Amino acid sequence: MQKTILITGGAGFIGAHVIKRFVQSYPDYLIVNLDKLTYAGNLENVKDVENAPNYQFEKGDITGLDYIRDLFKKYAFDAVIHLAAESHVDRSISNPLLFAHTNVIGTLTLLQVAKENWSNHLDGKLFYHVSTDEVYGSLENEDEFFLETTPYDPRSPYSASKASSDHFVRAYYNTYNLPIVISNCSNNYGAYQFPEKLIPLFINNIIHQKPLPVYGEGLNVRDWLYVEDHASAIDVIFHRGKVGETYNIGGFNEWKNIDLIKLLCKLMDDKLSRPTGTSAQLITYVKDRAGHDLRYAIDATKLNQELGWQPSLQFEEGLSKTIDWYLENKEWLANVTSGEYQKYYEKQYALNERA
Ligand code: NAD
Ligand code: DAU
């Protein structure tokens, strides 16, 4: 094998797309998927590659220092692509300590073990940290965008934990010369996203004719990117990004929540052959999320100009494909909403979490 790559969080939403892309596009790489299989991790998401000769799954916890040391001994990794995290803002509001533990201590543990293993031979090594646009805070003016140079201003426990992990990644670059790269991406959507996030939650609720809980007045703005375009950007940055750099990833595709929700309702009515307006009747305005960031908008010019990356899909096409996927995979949706998938994989894999 040309390279052995540790990908963390590969049973989650974005991680699964990255795993599949790397396993299928690079048969000369051994791809090791390390995932704790929390509520958000589901091996169904990577079923397409589970028997590939260049793929290996390890169930374990990124916060277990000795466990991660053992894993590096077992595989002698050349690179890490780190996606494992607690990722849902609402959960961070009710359980901030878990977010600090997983996102900060977990990242620090991986950095420390990578440093211990690579310090005498850094050539060709890379620690790629996958982060979020939320670290930059909330934009107030319509003409403002997040640049790689925008000062960090995280405002939720989730974004604070991600910002903190980004700072540790840069600290290991500055202090120990650990070869790192960071990307900060906007909101992803697509297949295999856990139905707690806006788009899959609302698709699921429309299918079952349940209320669509719109936070506040629905005026918050998010910048949406198709998940496979995020995976393609990670591929480009992993192979051609400059060590020590940060790259913003986004599709210049801003939507006010309520406009996106109305579009989703219309597309769902068409696809389910329900009279136009049926799904929109489910819209229910609810209490706003605490500290709800008003607007995120990524400027991805650097990635486009320096590495030639651009998104492949227009939003309406991506959203339509996404809805089709959930309608064709109602069993996946039912399994993750009932928690059935966890019972199955708990029996198959014991957790390695030696601290
Ligand atoms: P997700 O919640 O779907 O998946 C996270 C995965 O990490 C799960 O498989 C989970 O089991 C695993 N995990 C959690 N704790 C772990 C631990 N202690 N040890 C090992 N594995 C653990 O998340 P996602 O939406 O796919 O996001 C992946 C990454 O991308 C995160 O770092 C997130 O911050 C970042 N990101 C997400 C988005 C988005 O829109 N979803 C946008 C930008 C950046
Ligand atoms: O910007 C990148 C981030 O995008 C990622 O780092 C996070 O991991 C990811 O979860 C996402 O964060 P958001 O909070 O923007 O995504 P979410 O899908 O939770 O919400 C999108 C918008 O919709 C947000 O303004 C809150 C609103 N919302 C969400 C839910 C779940 C509702 O109005 N109702 C809801 O039920």
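The values are calculated or read from the model by the stated rules, or taken from the named source; none is laboratory data. Computed from a prediction, not measured in an experiment: that's the story for all the values here. Using ideal geometry, Cβ is built from the backbone for each residue, glycine included, and neighbour counts are taken over all protein chains shown.
Return the pairs, sorted by first residue and then second, in which the second residue is polar (S, T, N, Q) and crowded, with 24+ Cβ neighbours inside 10 Å, the first residue lies in region 4-18 and is at pLDDT 95 or above, the beta carbons are less than 6 Å apart, and the residues are 6+ apart or on different chains.
Close Cβ pairs (under 6 Å, with a partner that is polar (S, T, N, Q) and crowded, with 24+ Cβ neighbours inside 10 Å) amount to Ile7/Asn33; Gly10/Asn33; Ala11/Asn42; Ala11/Asn45; Phe13/Gln193; Ala16/Asn45.
Name the residues in region 78-104 that are more than 9 Å from ligand 1 (Cβ to nearest atom), surrounded by fewer than 22 Cβ atoms within 10 Å (Cβ to Cβ), under 22 Å from Ile180 (Cβ atoms) and not acidic (Asp, Glu), would you?
Ala79, Ala100, Val104
Which residue out of Val181, Val227, Val214, Val243 is of a type in the set (Val, Ile, Thr), within 15 Å of ligand 1 (Cβ to nearest atom) and either at positive phi or over 14 Å from the mean Cα position of the chain (by Cα) (or both)?
Val181
So, in region 145-159, of the ones that are touching a residue at least 24 places away in the same chain (Cβ under 8 Å) and not aromatic (Phe, Trp, Tyr), which residue ends up nearest to Ile182 (Cα to Cα)?
Among them, the one singled out is Glu148.
Among the residues of region 248-277, write down those that are in a loop (DSSP other than H, G, I, E, B), buried (at least 16 other Cβ atoms within 10 Å of the Cβ) and without any contact (Cβ under 8 Å) to a residue 60 or more places away in the chain.
Phe252
Please verify whether Lys242 is more than 9 Å from ligand 2 (Cβ to nearest atom) and farther than 30 Å from Phe127 by Cβ, treating the condition exactly as stated.
Answer is no for this residue.
Testing Glu50 on (1) surrounded by fewer than 18 Cβ atoms within 10 Å (Cβ to Cβ); (2) in contact with a Lys or Arg (Cβ under 8 Å, 6 or more places away or on another chain), one condition comes back false. Which one is that?
(2)
State the number of residues belonging to region 119-135 that are out of contact with any Pro (no Cβ under 8 Å at 6 or more places or on another chain) and either buried (at least 20 other Cβ atoms within 10 Å of the Cβ) or of a type outside the set (S, T, N, Q) (or both).
Matching residues across region 119-135 total 9.
If a residue has to be within 12 Å of ligand 1 (Cβ to nearest atom), without any contact (Cβ under 8 Å) to a residue 60 or more places away in the chain and part of a strand (DSSP E or B) to count, how many in region 118-144 make the cut?
3
Every residue in region 168-198 that is in contact (Cβ under 8 Å) with a residue 12 or more places away in the chain and assigned to a helix (DSSP H, G or I), please.
Those that are in contact (Cβ under 8 Å) with a residue 12 or more places away in the chain and assigned to a helix (DSSP H, G or I): Phe168, Val169, Arg170, Tyr172, Tyr173, Tyr176, Leu198.
For residues that are within 8 Å of ligand 2 (Cβ to nearest atom) and either part of a strand (DSSP E or B) or in contact (Cβ under 8 Å) with a residue 24 or more places away in the chain (or both), tally how many sit in region 199-220.
9
I'd like to check something: does region 307-330 contain any residue that is part of a strand (DSSP E or B), closer than 29 Å to Ser94 by Cβ and not small (Gly, Ala, Ser)?
no
Of the conditions (1) part of a strand (DSSP E or B); (2) within 16 Å of ligand 2 (Cβ to nearest atom); (3) not hydrophobic (A, V, I, L, M, F, W, C), Lys59 fails just one. Which one is it?
In the conditions (1) part of a strand (DSSP E or B); (2) within 16 Å of ligand 2 (Cβ to nearest atom); (3) not hydrophobic (A, V, I, L, M, F, W, C), Lys59 misses (2) alone.
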